[in-house]
Amino acid sequence: MQLLLQKIDKNEKENLEKSFSDSFLKIIQPPYYNQKLYKFLTYKEYFKADEETLLKIDSEHYYQWKYVSTSYTWDTIFLAISEEKIGIDVEEIKERSQEMLDFFSDDEYAFIWEKSRKNFFLLRTAEECLIKTSNACFFEDWKNVKIKSYEKKNQEISGIKFSREWIMQLHDKQYKVYSWITDNKVYSIWVSK
């Protein structure tokens, strides 16, 4: 498995664009243009793929017996390539409406002790990385994810040290999801094993 965690350098845009044709660059317009450039360059270098194949990899999340998952914020890209099915997510802990905290139930917050912005994003990334790997409708699956347990537990995955472990249930199956908080960002990963 390969995990890439990289800061997005907005000054690199012109250098990154040189790796792609003008017609390809028109396809990957904003939002998240710089993040997409990093993502597609990583795919291109890893898979040695042409531009048509890059778009296929991005839409199918699978190529040459490898699964791919990508998530980004405005200044960070988190990308995984794995022989096992994988889902990742990164979110910046930022100011939002207080009402967003009500997205999760008090029972869900009880696993992580309190209702707060940090815990909202911790719950959101843990659930989202699991949902990304299911083949059902994204929004329908939010209500199907159930938290079974949560604990602070260290786990190293491809050189990244995650510090929290979730046991979550989706469609009557249980999964382990790992999360980590640093630099005002929350990262979560699920790997099929």
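No lab work stands behind these numbers, since they all come straight from the coordinates. These numbers come from a predicted model, not from an experiment. With ideal geometry, Cβ positions are generated from the backbone for all residues, glycine too; neighbour counts draw on all protein chains shown.
Of note:
- When the Cα atoms of region 2-82 are aligned to their principal axes, the ranges along those axes come out at 34, 26, 19 Å in descending order.
- Relative to the dominant Cα principal axis of the chain, helix 51-60 is inclined by about 10°.
- With N counted as the residues of the chain, its alpha-carbon radius of gyration over 2.2 N^0.38 Å works out to 1.05.
- Net charge over other residues, Cβ less than 10 angstrom from the Cβ of residue 90 (K, R count +1; D, E count -1): -3
- When only Cα pairs below 8 angstrom with a gap of at least 6 residues are kept, the chain shows a relative contact order of 19 percent.
- Of 94/146; 7/176; 44/143; 13/94; 7/173, those spanning more than 30 Å from alpha-carbon to alpha-carbon: 44/143; 7/173
- Cα→Cβ-extended label distance, 7 Å offset, between residue 96 and residue 18, nm: 3.9 nm
- Axis of helix 117-131 versus longest Cα principal axis of the chain: the two differ by about 70°, to the nearest ten degrees.
- Helix axis angle, 33-47 relative to the chain longest principal axis, alpha carbon, degrees: 70 degrees
- A full extension of the chain between residue 29 and residue 157 corresponds to an added length of 42.9 nm, given 0.36 nm per residue minus the alpha carbon distance.
- Arranged from fewest to most other beta-carbon atoms within 10 Å of their beta carbon, 12, 108, 156 become 156, 12, 108.
- Relative to its residue count, region 86-191 spans a Cα convex hull of 94 Å³ per residue.
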